[in-house]
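Written below as structure tokens is the structure these notes are about.
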Amino acid sequence: MKIVETERLILRHLNEDDAEFIVELMNEPDWIKYIGDRGIRTAEGAKEYIVEGPMTMYKEHGIGLYLIEMKENATPIGICGLLHRDFLRDVDLGFAVLSKYWGKGFAYEAAEATLTYGAEDLGYRRIVGFTSLDNEKSANLLQKLGMKDEGTIKYASTSEDVRLFAKEYQ
């Protein structure tokens, strides 16, 4: 199901047919370094992740991570979406793009469209994002999107400190 369309991109629900792409994305060095190694190495493992993660969140919360694909040829290049996390009172903007598509403005375009969708279509008045302390690329993107650095918080399932950013809407 298509969620958002931009000039160059379509964001849509992930489905089991996206498994090979998810394997590729989740095994990128920066994914493993900044998001964490999920141990997903096969299409079967990726299908399980898609069903138990994003597809479940769509059903339970009406939001989740969406596949980012190029409008011109339907090539998947990343994921972006809004996430419900038990340890946050606000929805969280999450994103990741394959490294071969970095530096072309795709992450910004997808994230900006997702924030607009969350605020205008879903009515969220505050959306947050967080990064590892040393993930300057993602922190810079969140700030470019107009999110303000609110300092550090503990990530729920670990003792890791993460940087929290937030954007308020009227």
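Take the Cα of residue 101, step 7 Å toward its Cβ, do the same at residue 42, and the gap between the two points is 2.7 nm.
Distances between placed amide hydrogens fall under 5 Å for residue 78 paired with 68, 98, all partners being 5 or more residues away or on another chain. The stretch between residue 1 and residue 16 holds 4.1 nm of extra length on full extension. This uses 0.36 nm per residue minus the Cα-Cα distance.
Enter the mean projected area of the convex hull around the alpha-carbon atoms of the range 1-138, in nm², rounded to one decimal. The directionally averaged projection comes out at 8.2 nm².
Label-to-label distance for residue 149 and residue 88 is 1.8 nm, based on points extended 7 Å past Cα in the beta-carbon direction. Structure note, pairs 2/100; 71/148; 100/137; 47/100; 33/137; 47/137: Cα-Cα distances above 20 angstrom occur for 2/100; 71/148; 47/100; 47/137. Tell me, what is the 1.4 Å probe accessible area of residue 16, in Å² to the nearest 10? Rounded to the nearest 10, the figure is 90 Å². Estimated at 0.36 nm per residue, the fully extended path between residue 33 and residue 159 surpasses their Cα-Cα distance by 43.7 nm.
Projecting the Cα atoms of 131, 49, 63 onto the charge dipole of the chain, computed from C-beta unit charges around the Cα centre, puts 131 farthest toward the positive end.
Computed about the Cα centre, the dipole magnitude for the chain is approximately 360 debye when only Lys and Arg (+1) and Asp and Glu (-1) carry charge, each at its Cβ.
Probing with 1.4 Å while keeping every protein chain in the model, the per residue accessible area of the chain equals 51 Å².
Electrostatic tally near residue 41: other residues with Cβ closer than 15 Å to its Cβ, Lys and Arg +1, Asp and Glu -1, net -4.
Here the range 1-143 exposes an accessible surface that is 47 percent carbon and sulfur, computed with a 1.4 Å probe and the other protein chains kept in place.
Checking the a/c ratio against 1.5 first, then a/b against b/c, what shape does the Cα gyration tensor give for the range 92-163? Taking the square roots of the gyration eigenvalues as a ≥ b ≥ c, the range 92-163 is oblate.
Would you mind calculating the relative contact order of the range 1-96 from Cα pairs under 8 angstrom and at least 6 residues apart, reporting the percent as a whole number? So the answer I get is 26 percent.
Normalised by the number of residues in the chain, the mean separation of alpha-carbon contacts (under 8 Å, six or more apart) gives a relative contact order of 18 percent. The residue 70 and residue 169 beta-carbon pair, evaluated with R₀ = 30 Å, returns a calculated FRET efficiency of approximately 0.60. Considering only 84, 61, 13, the Gaussian network model of the chain with Cα springs below 10 Å gives its largest mean-square fluctuation to 61.
The values are calculated or read from the model by the stated rules, or taken from the named source; none is laboratory data. Just so you know, these numbers come straight off a predicted model, no measurement behind them. A quick note on method: Cβ atoms are made from the backbone with ideal geometry, for glycine too, and the neighbour counts reach across all protein chains shown. Side chains are part of the model used for accessible areas, which takes the heavy atoms of the whole protein and leaves out ligands, DNA and RNA. Shrake-Rupley method; radii C 1.70, N 1.55, O 1.52, S 1.80 Å.
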